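Visitor: Dropping the structure in here first, questions after.
The values are calculated or read from the model by the stated rules, or taken from the named source; none is laboratory data. Given the structure is predicted, the values throughout are model-derived calculations rather than measurements. Cβ: placed from backbone, ideal geometry, glycine included. Neighbour counts: every protein chain shown. Just the protein is used for accessible areas: all its heavy atoms, side chains included, with ligands, DNA and RNA removed. Shrake-Rupley method; radii C 1.70, N 1.55, O 1.52, S 1.80 Å.
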Amino acid sequence: QVQLVESGGGLVQAGGSLRLSCAASGRTFSSYAMGWFRQAPGKEREFVAAISWSGGRTYYADSVKGRFTISRDNAKNTVYLQMDSLKPEDTAVYYCAGRTTIRALTDTRYEYWGQGTQVTVSS
């Protein structure tokens, strides 16, 4: 069974930065495609970013492109989301997700989910 645990959320002023981490259990982490999603109060969960198993390919939602960077360290079983130039509209619970099923990075279906970490951006 795969477990994903997010960390790094918090309160930051607009224009600031945060780095989220997602630690994964399991020996086959390096075979998982990984993604980040977020859900703001009263809104549906939305896709943020995805990264291939090797880290060689990434894909971003238009709303975060140029501000957020997804990366991974397979030796540490960890995926990261570096968030820069944060805006109040980035406020949400951020979720890490993983899958072993081979799909296009644009496919937002994932098999495993973390519990989420809160990110709050003040204006």
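Visitor: Go through region 89-102 and count every residue that is more than 13 Å from the chain's Cα centre (by Cα) and farther than 17 Å from Gly55 by Cβ.
Guide: Total satisfying the criteria: 3.
Visitor: Has region 67-80 got at least one residue that is open to solvent by less than 20 Å² (accessible area, probe 1.4 Å), β-branched (Val, Ile, Thr) and without any contact (Cβ under 8 Å) to a residue 40 or more places away in the chain?
Guide: Yes, region 67-80 contains at least one residue that is open to solvent by less than 20 Å² (accessible area, probe 1.4 Å), β-branched (Val, Ile, Thr) and without any contact (Cβ under 8 Å) to a residue 40 or more places away in the chain.
Visitor: Let me ask something additional. Just the residues that are under 16 Å from Thr69 (Cα atoms) and more than 13 Å from the chain's Cα centre (by Cα), please, taken from region 1-58.
Guide: Gly15, Gly16, Ser17, Trp53, Ser54, Gly55, Gly56, Arg57
Visitor: Within region 33-45, track down each residue that is of a type outside the set (Gly, Ala, Ser) and either outside any strand (DSSP E or B) or at positive phi (or both).
Guide: Pro41, Lys43, Glu44, Arg45
Visitor: Can you tell me how many residues in region 3-23 are among the β-branched types (Val, Ile, Thr) and surrounded by 16 or more Cβ atoms within 10 Å (Cβ to Cβ)?
Guide: 1
Visitor: Go through region 81-123 and count every residue that is exposed (fewer than 15 other Cβ atoms within 10 Å of the Cβ), more than 13 Å from Phe47 (Cβ to Cβ) and hydrophobic (A, V, I, L, M, F, W, C).
Guide: Of the residues in that region, 1 qualify.
Visitor: Which condition number in (1) of a type in the set (Val, Ile, Thr); (2) farther than 18 Å from Val2 by Cβ; (3) modelled with pLDDT of 95 or more is the one that Thr106 fails?
Guide: Of everything listed in (1) of a type in the set (Val, Ile, Thr); (2) farther than 18 Å from Val2 by Cβ; (3) modelled with pLDDT of 95 or more, Thr106 misses just condition (3).
Visitor: Based on what the data block shows, is Met83 more than 15 Å from Val5 (Cα to Cα), touching a residue at least 60 places away in the same chain (Cβ under 8 Å) and under 14 Å from the mean Cα position of the chain (by Cα)?
Guide: So Met83 fits the description; yes.
Visitor: I'd like to know if region 46-57 contains one or more residues that are touching a residue at least 40 places away in the same chain (Cβ under 8 Å), surrounded by 15 or more Cβ atoms within 10 Å (Cβ to Cβ) and on the phi > 0 side of the Ramachandran plot.
Guide: Scanning region 46-57 turns up no residue that is touching a residue at least 40 places away in the same chain (Cβ under 8 Å), surrounded by 15 or more Cβ atoms within 10 Å (Cβ to Cβ) and on the phi > 0 side of the Ramachandran plot.
Visitor: In region 1-32, what count of residues is obtained for those that are of a type in the set (Lys, Arg) and in a loop (DSSP other than H, G, I, E, B)?
Guide: Number of matching residues: 1.
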